[in-house]
Amino acid sequence: MKDAGLYLIIAGVALFIIVFIGKIISFIANNPMLGIATLAIIAGVFLLLLNMIKENKEAKKDEPFKGINK
C-alpha cells in the first residue's frame, strides 16, 4: 500500500509539472514577443555559461600545483 501511494504521488506531481510546462510553452508560443524574449534569455544564459567555462579553464592553467609554480 505504501509503495502504491508513493507511485501515485510521483505520477501526479509529474503530470502536474508536464501540464504546467505545456501551459507556459503554449502561452509563450501565442505571444511572439515573449517567444523572442525567451530565446534572447536562453541565448544569453548559454553565452554566459560558455564564458564562465572558458575563464575557469584559463584560470586553472595559472594555478600553482601544491604551491609549486609550473
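FYI, it's all coordinate maths here, none of it is from the lab. Values in this document were obtained by computation on a predicted structure and should not be read as measured data.
Odds and ends about this structure:
- Helix 32-62 vs. the chain, principal-axis angle (Cα, 0 to 90°, nearest 10): 30
- Using alpha carbons only, the radius of gyration of the chain set against its Kirkwood radius gives Rg/Rh = 1.34.
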